[in-house]
Amino acid sequence: MKYTREYLRGIVSALRLAIGILSFCAATVSAGELAQPEGEVILVVKGSIAHTNAPGQARFDYAMLADLGLVSEQIDTEWTPAGAVFEGIRAHKLLELVGASGKRIRVTAVNDYSVSIPFEDLADYATLLATSRDGKRLRLRDQGPLWLMYVPYDRPDEIQTILNHRMVWQLQTLEFE
């Protein structure tokens with residue numbers, strides 16, 4: 001069977017177009033995905049999120065969280081010595097990264113302690129996902145590896161009386177509802 005040059009050029013053009021469309025589609029799909037954790041997974045985010053790295057979830061190791069920018073805050077709690085300095089990431093940065101939405105966040109600890117907090121807490125309060133205290137990484141036996149904390153800038157009484165039960169240590173999962 002003999003093909004003309006025009007016919008072959010048409011086939012080549014069609015293949016190039018198809019490859020271009022497939023490349024665009026692949027880039028679009030991967031744009032919603034996050035990097036894979038290389039270390040131990042210390043946080044799973046699920047529910048109403050736009051960006052994932054596992055089916056229906058965003059899984060994070062310490063390095064992935066640290067890449068969001070670590071900050072330090074002096075936070076007094078009833079469970080730690082006065083003047084303790086905690087280091088971690090601002091919770092709102094994580095929410096932006098995963099494209100979280102919803103009205104409430106189910107926060108669950110390793111021991112299955114769970115509390116539902118309003119999504120607005122992250123806008124109304126400075127919140128920190130603490131990874132270390134006084135320069136030492138938090139371990140499971142000392143409230144780690146993550147501790148959701150409210151930073152008492154201008155409302156220390158409210159922090160103590162209303163928000164203590166929302167300061168979840170040994171944090172394992174955030175689920176947006």
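No value in this document is a laboratory result; all are computed from the given coordinates. None of the values given here were measured: they were computed from a predicted structure. Every residue, glycine as well, gets a Cβ built from its backbone with ideal geometry; the counts of neighbours run over all protein chains shown.
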**Request:** Provide the packing ranking of 111-120, 164-173, 65-74, i.e. peptides ordered by the mean count of other C-beta atoms within 10 Å per residue, highest first.
**Result:** 164-173, 65-74, 111-120
**Request:** Kindly state, to the nearest 0.05, the FRET efficiency for GLU33 paired with ARG106, given R0 = 30 Å and r defined as their beta-carbon distance.
**Result:** 0.80
**Item:** FRET efficiency, SER116 to LEU140 (Cβ-Cβ, R0 25 Å, nearest 0.05)
**Value:** 0.60
**Item:** region 62-134, relative contact order [Cα under 8 Å, separation at least 6], %
**Value:** 33 percent
**Complete:** Between ASP124 and VAL41, Cβ-based FRET efficiency (R0 41 Å, step 0.05) works out to 0.90
